[in-house]
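Trainee: Encoded as structure tokens, here's the structure I'll be asking about.
The values are calculated or read from the model by the stated rules, or taken from the named source; none is laboratory data. Quick caveat, the model's predicted, so the values are computed rather than measured. When we count neighbours, we look across all protein chains shown, and the Cβ atoms used for this are built from the backbone with ideal geometry, even at glycine.
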Amino acid sequence: MDRRHFITTVGVASAAVAASAVLEENWAHAEPRRDPGKRPPAVVDERFLDVLTAVNDRQVPTTLAGYAAQIDTLASPRALAQSAMRLVSAYVNPRGANHHAASLLGPINALLGALAERQNPSGLYDVGNLDSPPDTSFVISDLGLSYVLLADDDQSETTAIRARYAAIMRKSGTALAEGGVHTPNHRWEICKALAHLQHLWPSRLLKARINDWLGEGIDIDSEGEYSERSPNYASEVTNKSLLTIARYADKPRLRDDVRRNLQLTLYRIQPNGEVETVQSRRQDQTGVQHVWKYLTHYRELAIRDRNGQFAAVATQIIDRVAADLPGFATTGYSVGEFLAEALAYPDITAALPTSTPVPTSYTKVSTGSQLVTLRRGSTTATIFGGTDWHDRRVDSEGRTTSIREIASGLSTNPTFFRLRTGAAILDSVRLSPRFFSTGHFRSDGVTGTRGGWRLEDEVAVAYHLPLPQRRRRSDGAYVLGSEGRFYSKMDFPHRPKDEKVLATTITITEVGTGGFDLAFDLDGPPTSLTIELCFRAGGTLSGVVPATGADNFQLVEGEGSYTVGGDTITFGPGTGSGIRQPIAMDAGEKYTYLGGNLTPAGQRVYLTGLVPFRSTLQLR
């Protein structure tokens, strides 16, 4: 059987099974529901709309120049839908330079034609994942937003285009009503797409499927952290989805979850508009995310709640966009999508309430992700101990072992400290002992101490002794299993062990306003270690000597500094006492075996030492 026509339904609620019949017989042929007349708010935020229009006007020529290549090179269906949405926003926007421009209709039609051609018989798309309900949901959500814009505009010239939009969307209905997911945020994106479909073509069964997914509960903790701990997926998927579902599926309580996430995010925003990512369980844990992706979320709840802090963030975002229109016009689809949302949902274009100050001096502890964020004006610091690496297990003999895993969906970033002083950014501090290829230090939590914070971990590596006689087999066919670093047919759980233990404690203390002491204390078998400081590219280092490799330096003794403009971070003292020990950053056996690389981007400064090791790194 062709897999595109086969959807596994083990455990699927009966509502979804019933939905397919209703959708095929009635729903796919119904006329779309028209919204009652939308009214602009009494006072419109003209600057908000003008800035988004200015970005969109800059994006349109690039989109027109590139859409044919997107089609020819089989660009992602999601990219095609986003390009079409950008052009639709331009077409319906009375403020823009392309309002009702006939030159946009041919490209929109071409993009829709490519989307129709690439839609599988099931109604789903291949977007990396084959016949993918969640990836198709991203496409359908963008098509739904575009359709609403064209329907509200109601020009006879777009009648055929609207019919094309409707046909693609209706074809996806059955598969989305029955389909499954891979990740937590996929559930909410599918619900968002179903909400768009349900809004246009009401169906009791589509609504039931939305309720099925929502019945699992939103994966957010009491602090406002979603289970993936990812600013990227919070801003691009989960918050956006929950607000759309609240709007179209009459689920107002979902805004409470978004509200809590936005409140938490206030304490993760850096002065330059970046959002802390080190705690993430997804791809952005080693990347950079920006608060501008939260624009419409902060706006909507600022207006709805009369929340002055949310209004301040929304205003700051628009200020950043207005100050760099060319840059934001090339950042991707999001700013263009904001215009689509503003035109489709006039309530978010209302004038913001009066701004009130956002936090600029705080110590925020997030226990769920074991993250501490500190801000003292233009200086910020991050302390992280929330790795998912450690899964303590007790074997049959009562011994505790550490099972280490590296996989998608786990937090494994070994960065445990970050510091920013104005434009001078220390992106990462990491520690790597040479200890049986067990890799970087990763703290097992963060503990508050008198005047500071403690990170600690203990790594035990065994030499395995002969099996007890009662566990031996004459054929030598023992269980294939892991001893923590590698697999072998050795029946590791039942062997006596001669363990070598490395205990690491790092105590972080704030000194003055914005200075920090990092006190390292390592005990274990004699071995070497390397501390890595990675500074954001673009600054000037002094007090260090070149080391092997591009952008690699070593602090041997004395004090070093990193300067950007008028901002400086000093660091030291060096630990070498005039002797340059070899630099050895051990990523760990599981990384190196798979060819992984944990070297952060930027200018890297290394300090080396020997275990036992006691030294304090001063950052000012």
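Trainee: Take residue 187 and tell me if it is of a type in the set (Lys, Arg) and without any contact (Cβ under 8 Å) to a residue 40 or more places away in the chain. Don't jump to the end; show me each part of the working.
Mentor: Values: of a type in the set (Lys, Arg): yes; without any contact (Cβ under 8 Å) to a residue 40 or more places away in the chain: yes.
So residue 187 fits the description; yes.
Trainee: What are the residues in the stretch 32-58 that are touching a Ser or Thr at 6+ places or on another chain (Cβ under 8 Å) and either at positive phi or in a loop (DSSP other than H, G, I, E, B) (or both), if any? Step through it out loud before you land on a result.
Mentor: Here is the first cut: in the stretch 32-58, the residues touching a Ser or Thr at 6+ places or on another chain (Cβ under 8 Å) are 40-41, 44-45, 48-49, 56.
If the condition is that a residue be touching a Ser or Thr at 6+ places or on another chain (Cβ under 8 Å) and either at positive phi or in a loop (DSSP other than H, G, I, E, B) (or both), then 40, 41, 45 are the ones that fit.
Trainee: Name the one entry in 380, 438, 415 that is at pLDDT 95 or above, in a loop (DSSP other than H, G, I, E, B), β-branched (Val, Ile, Thr) and surrounded by 21 or more Cβ atoms within 10 Å (Cβ to Cβ).
Mentor: Answer to the selection: 415.
Trainee: Looking at residue 20, is it among the small types (Gly, Ala, Ser), modelled with pLDDT under 70 and farther than 24 Å from residue 168 by Cβ?
Mentor: Numbers: among the small types (Gly, Ala, Ser): yes; modelled with pLDDT under 70: yes; farther than 24 Å from residue 168 by Cβ: no.
So residue 20 fails the test.
Trainee: Limited to the stretch 462-497, what total is found for residues that are out of contact with any strand residue (DSSP E or B) (no Cβ under 8 Å at 6 or more places or on another chain), among the hydrophobic types (A, V, I, L, M, F, W, C) and either more than 23 Å from residue 405 (Cα to Cα) or free of Cβ contacts under 8 Å to residues at least 24 places away in the same chain (or both)?
Mentor: Count: 1.
Trainee: Quick check: is even one residue across the stretch 491-504 within 31 Å of the chain's Cα centre (by Cα), modelled with pLDDT of 95 or more and of a type outside the set (Gly, Ala, Ser)?
Mentor: Initial filter on the stretch 491-504 (within 31 Å of the chain's Cα centre (by Cα)): 504.
Filter once more, so that each one left must be modelled with pLDDT of 95 or more: 504.
Then drop every residue that is not of a type outside the set (Gly, Ala, Ser), which leaves 504.
For the stretch 491-504, residues within 31 Å of the chain's Cα centre (by Cα), modelled with pLDDT of 95 or more and of a type outside the set (Gly, Ala, Ser): present.
Trainee: What are the residue pairs meeting all of these: first residue in the stretch 313-326, first residue among the hydroxyl-bearing types (Ser, Thr, Tyr), second residue not in a helix (DSSP H, G or I), Cβ atoms under 6 Å, and 6 or more apart or on different chains?
Mentor: Here the result reads 315/355, each pair linking the stretch 313-326 to a residue that is not in a helix (DSSP H, G or I).
Trainee: Can you tell me how many residues in the stretch 522-554 are in a strand (DSSP E or B) and in contact with a Gly (Cβ under 9 Å, 6 or more places away or on another chain)? Step through it out loud before you land on a result.
Mentor: Of the residues in the stretch 522-554, the ones in a strand (DSSP E or B) are 522-535, 540-542, 545-546, 552-554.
Filter again for in contact with a Gly (Cβ under 9 Å, 6 or more places away or on another chain), leaving 522, 528-531, 533-535, 541-542, 553-554.
Of the residues in that region, 12 qualify.
Trainee: Now a separate question. Kindly indicate whether any position in the stretch 447-458 is touching an Asp or Glu at 6+ places or on another chain (Cβ under 9 Å) and more than 27 Å from residue 368 (Cα to Cα).
Mentor: No, the stretch 447-458 has no match at all.
Trainee: Out of the residues in the stretch 320-371 that are exposed (fewer than 15 other Cβ atoms within 10 Å of the Cβ) and hydroxyl-bearing (Ser, Thr, Tyr), state the one that is farthest from residue 387 (Cα to Cα).
Mentor: Only one residue tops the list, namely 354.
Trainee: Turning to a different aspect of this structure: May I ask you to say which residue of 333, 294, 267 is modelled with pLDDT under 95, under 30 Å from residue 535 (Cα atoms) and among the aromatic types (Phe, Trp, Tyr)? Break it down into steps so the answer makes sense when it comes.
Mentor: Working: 294 fails: modelled with pLDDT under 95; 267 fails: modelled with pLDDT under 95.
Within the list 333, 294, 267, the selection yields 333.
Trainee: On to the next question. Somewhere in the stretch 510-523, is a residue of a type in the set (A, V, I, L, M), farther than 30 Å from residue 446 by Cβ and out of contact with any Cys (no Cβ under 6 Å at 6 or more places or on another chain)?
Mentor: Applying the first criterion (of a type in the set (A, V, I, L, M)) to the stretch 510-523 yields 511, 518-519, 522.
Adding the requirement that they be farther than 30 Å from residue 446 by Cβ leaves none.
Checked against the condition, which is being of a type in the set (A, V, I, L, M), farther than 30 Å from residue 446 by Cβ and out of contact with any Cys (no Cβ under 6 Å at 6 or more places or on another chain), the stretch 510-523 yields no hits at all.
Trainee: Just name the residue that is surrounded by the fewest Cβ atoms within 10 Å (Cβ to Cβ) out of those in the stretch 239-267 that are of a type in the set (A, V, I, L, M, F, W, C) and under 19 Å from residue 190 (Cβ atoms). Full working, then the answer.
Mentor: Going residue by residue through the stretch 239-267, those that are of a type in the set (A, V, I, L, M, F, W, C) are 242-243, 245-246, 249, 254, 258, 262, 264, 266.
From the residues that got through so far, the ones that are under 19 Å from residue 190 (Cβ atoms) too are 242-243, 245-246, 249, 254, 258.
Details: 242: 26, 243: 24, 245: 24, 246: 19, 249: 21, 254: 21, 258: 25.
Residue satisfying both the conditions and the ranking: 246.
Trainee: May I ask you to list the residues in the stretch 130-157 that are of a type in the set (S, T, N, Q), crowded, with 23+ Cβ neighbours inside 10 Å and farther than 13 Å from residue 89 by Cβ?
Mentor: Filtering the stretch 130-157 for residues of a type in the set (S, T, N, Q) gives 132, 136-137, 141, 146, 155-156.
Those still in the list that are crowded, with 23+ Cβ neighbours inside 10 Å too: 132, 136-137, 141, 146.
If the condition is that a residue be of a type in the set (S, T, N, Q), crowded, with 23+ Cβ neighbours inside 10 Å and farther than 13 Å from residue 89 by Cβ, then 132, 136, 137, 141 are the ones that fit.
Trainee: Out of all the residues in the stretch 429-451, which are without any contact (Cβ under 8 Å) to a residue 60 or more places away in the chain and not hydroxyl-bearing (Ser, Thr, Tyr)?
Mentor: Those that are without any contact (Cβ under 8 Å) to a residue 60 or more places away in the chain and not hydroxyl-bearing (Ser, Thr, Tyr): 442, 444, 450, 451.
Trainee: Please go through the stretch 256-286 and pick out each residue that is under 18 Å from the mean Cα position of the chain (by Cα) and without any contact (Cβ under 8 Å) to a residue 24 or more places away in the chain.
Mentor: 274
Trainee: Follow-up. Read through the list (1) surrounded by 22 or more Cβ atoms within 10 Å (Cβ to Cβ); (2) among the β-branched types (Val, Ile, Thr); (3) in a loop (DSSP other than H, G, I, E, B), then give the number of the only condition that residue 406 fails.
Mentor: Of (1) surrounded by 22 or more Cβ atoms within 10 Å (Cβ to Cβ); (2) among the β-branched types (Val, Ile, Thr); (3) in a loop (DSSP other than H, G, I, E, B), only one is false for residue 406: (1).
Trainee: Taking the stretch 188-215 as the region of interest, how many residues are surrounded by fewer than 24 Cβ atoms within 10 Å (Cβ to Cβ) and under 22 Å from the mean Cα position of the chain (by Cα)?
Mentor: Here the count works out to 2.
Trainee: Residues in the stretch 133-154: is at least one outside any helix (DSSP H, G or I), charged (D, E, K, R) and within 27 Å of residue 233 (Cβ to Cβ)? Show your work before the answer.
Mentor: From the stretch 133-154, those outside any helix (DSSP H, G or I) are 154; that's our starting set.
Within this subset, residues satisfying the condition of being charged (D, E, K, R) are 154.
Next, from what is left, pick out any that are within 27 Å of residue 233 (Cβ to Cβ): none.
No, that holds for no residue.
Residue-by-condition table, conditions (1) farther than 18 Å from residue 371 by Cβ; (2) in contact with a strand residue (DSSP E or B) (Cβ under 8 Å, 6 or more places away or on another chain); (3) not aliphatic (A, V, I, L, M):
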residue	(1), (2), (3)
203	yes, no, yes
206	yes, no, no
210	yes, no, no
281	no, no, yes
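Trainee: Let me confirm something: among 193, 166, which residue is part of a helix (DSSP H, G or I) and either among the aromatic types (Phe, Trp, Tyr) or closer than 15 Å to residue 30 by Cβ (or both)? Can you show your working first?
Mentor: Details: 193 fails: either among the aromatic types (Phe, Trp, Tyr) or closer than 15 Å to residue 30 by Cβ (or both).
From the options 193, 166, the qualifying one is 166.
Trainee: From the list 591, 562, exactly one residue is aromatic (Phe, Trp, Tyr), over 18 Å from residue 425 (Cβ atoms) and not in a loop (DSSP other than H, G, I, E, B). Which is it? Break it down into steps so the answer makes sense when it comes.
Mentor: On the way: 562 fails: over 18 Å from residue 425 (Cβ atoms).
Exactly one of 591, 562 is aromatic (Phe, Trp, Tyr), over 18 Å from residue 425 (Cβ atoms) and not in a loop (DSSP other than H, G, I, E, B), namely 591.
Trainee: Mind counting the residues in the stretch 338-375 that are of a type in the set (Val, Ile, Thr), closer than 17 Å to residue 295 by Cα and either at pLDDT below 95 or not in a loop (DSSP other than H, G, I, E, B) (or both)?
Mentor: Final tally of qualifying residues: 2.
Trainee: Among the residues of the stretch 113-132, how many are in a helix (DSSP H, G or I) and of a type outside the set (A, V, I, L, M)?
Mentor: Taking the stretch 113-132 as the starting set, the residues that turn out to be in a helix (DSSP H, G or I) are 113-118.
Still in the running and of a type outside the set (A, V, I, L, M): 113, 117-118.
Summing the residues that are in a helix (DSSP H, G or I) and of a type outside the set (A, V, I, L, M) in the stretch 113-132 gives 3.
Trainee: Still on this structure, I have one more. Please pick out the residue among 110, 69, 90 that is within 18 Å of residue 160 (Cβ to Cβ), assigned to a helix (DSSP H, G or I) and either at pLDDT below 95 or among the hydrophobic types (A, V, I, L, M, F, W, C) (or both). Steps first, please.
Mentor: Working: 69 fails: within 18 Å of residue 160 (Cβ to Cβ); 90 fails: within 18 Å of residue 160 (Cβ to Cβ).
Criteria check complete, one pass: 110.
Trainee: OK, next. Given the condition surrounded by fewer than 20 Cβ atoms within 10 Å (Cβ to Cβ), touching a strand residue (DSSP E or B) at 6+ places or on another chain (Cβ under 6 Å), modelled with pLDDT under 90 and within 30 Å of residue 500 (Cα to Cα), answer yes or no: does some residue in the stretch 571-583 qualify?
Mentor: Checked against the condition, which is being surrounded by fewer than 20 Cβ atoms within 10 Å (Cβ to Cβ), touching a strand residue (DSSP E or B) at 6+ places or on another chain (Cβ under 6 Å), modelled with pLDDT under 90 and within 30 Å of residue 500 (Cα to Cα), the stretch 571-583 yields at least one hit.
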